[in-house]
Amino acid sequence: MRRAERLFQIIQILRRARGPITADAIATELETSKRSVYRDIAALMGQRAPIRGEAGLGYVLEDGYDMPPLMLTPDEIEAAVLGAQWVAGRGDPALARAAEDLIAKIASAVPETLRPHVLEPAGRAFNSWNVQADAIDMTQVRTSIRTGCKIVLDYCDEQGRSTQRTIWPVTVGYMETVRLLIAWCELRADFRTFRTDRVAGAQFLTERFPERPAVLRTKWRRYMETERRRRDC
């Protein structure tokens, strides 16, 4: 790997990391020496890249840093196309259309020599034949998640029992054949998962829930980690 490519990859590693990342971890991913990573970090900082940290503790990239656009690699193109194919075959109609548009935009943006990686990729995500249809407007669900607004659900569980739930939506989980709406349920005072094909009705409220969406997502991740540890015990 050329040094310029390695510097770019270090920025990419720091950009996607959720916390400090050590030189050891960077060196392992780039298959280079830790000493080279230290030199590269120093070079990036010398070029005014807003990197904080020090040897032994880890490094983070400050928010707001923007690099000039660089060409996608063939593997990056195929990764993007494969993900878009998966969404096109399993997402709700709005996301499926967006995924198809994304593939078309990638094909028009890359050079001619790389276009076969978009139009004739080495891998393919096949459509699932039995995806369950949503019984709720998923575009509005995503809007409620982004804006932090409550939703009132008329919901039928797997035994056919109906309840009305006021929820604080957290995220949507895309499984092989169903989609799951994960939310804080006011009735149960806990996080709950609702299958979107079992929703009998929905009211999208303008009332905001008291938690900021990012804070609620953090609490949900901690809840899931606690549940995972409990199951492993």
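The values are calculated or read from the model by the stated rules, or taken from the named source; none is laboratory data. The structure presented is a predicted model; accordingly, all values stated were derived computationally and were not measured. Backbone-built Cβ (ideal geometry, glycine too); neighbour counts: all protein chains shown. With ligands, DNA and RNA removed, areas are computed over all heavy atoms of the protein, side chains included. Shrake-Rupley method; radii C 1.70, N 1.55, O 1.52, S 1.80 Å.
Tabulated values for the structure
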read-out: Residue, nearest to Glu76 (Cα to Cα), within the stretch 10-30, restricted to residues that are open to solvent by 30 Å² or more (accessible area, probe 1.4 Å) and more than 20 Å from the chain's Cα centre (by Cα); value: Glu29
read-out: Of all residues making up the stretch 152-184, the number that are under 21 Å from Tyr223 (Cα atoms) and not in a strand (DSSP E or B); value: 1
read-out: Restricting the stretch 166-177 to residues that are at pLDDT 90 or above, of a type in the set (Val, Ile, Thr) and more than 15 Å from the chain's Cα centre (by Cα), the residue that is surrounded by the fewest Cβ atoms within 10 Å (Cβ to Cβ); value: Thr166
read-out: Failed criterion for Asp134 (all others in (1) within 26 Å of Arg221 (Cβ to Cβ); (2) modelled with pLDDT of 95 or more; (3) of a type in the set (D, E, K, R) hold); value: (2)
read-out: Among residues of the stretch 204-221, those that are surrounded by 10 or more Cβ atoms within 10 Å (Cβ to Cβ) and assigned to a helix (DSSP H, G or I), counted; value: 8
read-out: Residue in the stretch 133-151 that is of a type outside the set (D, E, K, R) and in a strand (DSSP E or B) present; value: yes
read-out: Members of the stretch 103-118 found to be loosely packed, with under 12 Cβ neighbours inside 10 Å and either touching a Leu at 6+ places or on another chain (Cβ under 9 Å) or not in a helix (DSSP H, G or I) (or both), listed by number; value: Pro111
read-out: Enumeration of residues in the stretch 119-144 that are open to solvent by 80 Å² or more (accessible area, probe 1.4 Å), farther than 30 Å from Trp168 by Cα and under 21 Å from the mean Cα position of the chain (by Cα); value: Arg124, Phe126, Asn127
read-out: Single residue of the stretch 192-203 satisfying the filter (over 20 Å from the mean Cα position of the chain (by Cα) and open to solvent by less than 60 Å² (accessible area, probe 1.4 Å)) that is nearest to Gln85 (Cα to Cα); value: Asp197
read-out: Residue that is least open to solvent (accessible area, probe 1.4 Å), among those in the stretch 145-156 that are of a type in the set (Val, Ile, Thr) and farther than 13 Å from Ala202 by Cα; value: Ile145
